[in-house]
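Worksheet: one structure, shown below.
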Amino acid sequence: MVKVAPNNTKVLLENDQVRVIEVTVKPGETIPMHSHPANVVYFVTGGKTKTTTADGKVTDTDHKAGEALWSEPITHSNKNMGTLTTKALVIELKTAK
């Protein structure tokens, strides 16, 4: 995600076990297709998101501020469908050594 959307992302922490990414998406902006390992997403602010997976499946979701969710590895794009800027923390899990 950081490579395809450098203006929307900031790596806050990275080590051999996790990578924590702050993601900020303005209304109408799209984060292009990218991949994540297993991860936790924490929504700092709420918002409406359209997610398109690599196989073309589209899902519209409305996230609340403070919501957290688990995701298995995924390849997808995200579009902010709301009227406010959304911010989330993505905590990607790496294989522990």
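Per the conditions (1) under 19 Å from residue 9 (Cβ atoms); (2) surrounded by fewer than 13 Cβ atoms within 10 Å (Cβ to Cβ), the sole criterion not satisfied by residue 43 is (2). Restricting attention to the range 4-20, the residues being closer than 12 Å to residue 32 by Cβ, in a loop (DSSP other than H, G, I, E, B), touching a residue at least 12 places away in the same chain (Cβ under 8 Å) and among the polar types (S, T, N, Q) number 1. Within the range 25-45, residues that are touching a residue at least 40 places away in the same chain (Cβ under 8 Å) have Cβ atoms under 7 Å from residues that are assigned to a strand (DSSP E or B) and among the basic types (Lys, Arg) in these pairs: 30/79; 44/87; 45/87, counting only partners at least 6 apart in sequence or on another chain.
Tell me, yes or no, whether the range 73-89 has at least one residue that is assigned to a strand (DSSP E or B) and over 16 Å from residue 9 (Cα atoms). Within the range 73-89 (the criterion being assigned to a strand (DSSP E or B) and over 16 Å from residue 9 (Cα atoms)), the answer is yes, since at least one residue qualifies.
Read the figures in this text as sums done on the coordinates, not as results from a lab. Note that the structure is predicted; figures quoted are calculated from it, not measured. Cβ: placed from backbone, ideal geometry, glycine included. Neighbour counts: every protein chain shown.
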